[in-house]
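To start, the structure itself, in structure tokens.
Every number in this text was worked out from the coordinates using simple rules, so none of it is lab data. A quick note: this is a predicted structure, and the numbers were derived from the prediction, not measured. In this analysis, Cβ positions are derived from the backbone assuming ideal geometry, glycine residues included, and neighbour counts consider all displayed protein chains.
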Amino acid sequence: MTPTPGTPNAGNAVSAFDPSRVRRTVLAVAILNFGYFFVEFLVALGAGSVSLLADSVDFLEDTSINLLIFIALGWPLAKRAVMGKLMSLVIITPAAFAAWEALQRFTAPEAPDVTPVVLASLGAMVINATSAWLIARVRTHGGSLSRAAFLSARNDVLVNIAVIAMALTTVWTGSGWPDLVLGCFIILLALHAAHEVWEVSEEERLAAKALAGEEID
């Protein structure tokens, strides 16, 4: 019997887990991120921006996270917990790339070309905000996997705002240091998100052991 509005089961029916909806959402987000990676990557190379280059690599991270959710969503809780831990490591990867680029230019930082950096960041903000909005609607259904995708998209919006602020600061100072400082900001965000995802995946691991009647360590 289909619940009608006003009945006790109506709300449960609306909020029931719908794996096909989650898969459609994360696949759409993966396609958006993969497409914009090429745009931002080429602009970053032309503008000479380390922070924008790191952010473009981050689009590949978001693509991989959402594709893995698309694949692993129907897995048992214990396997999802393992995948959540892997996702925490995936989040760290772009931060490591940004740190390497920052170290390469630390002795003689060059100011990036501001106009293309700002335009690319505005476009990235639209993509990331759309991704965060889409995932926020389904993130409670995917455990640590969906949380990884949401945190990554949310943090990317903050990074885009920071890149624009960096560009404006560069106009004022003519220095390449703001670009390098932003790389450190990206690293901190990535580490925080990775820590949160690791904690959620650990909760899933313990829950899986409890359901299996195993002793919880």
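So how do 166-175, 27-36 stack up, highest first, on mean other-Cβ count within 10 Å?
Working: 166-175: 15.6, 27-36: 18.9.
Descending mean neighbour count gives 27-36, 166-175.
Taking the alpha-carbon centroid of each part, what is the distance from segment 52-126 to segment 159-197 in angstrom?
After rounding, the separation between the Cα centres reads 13 Å.
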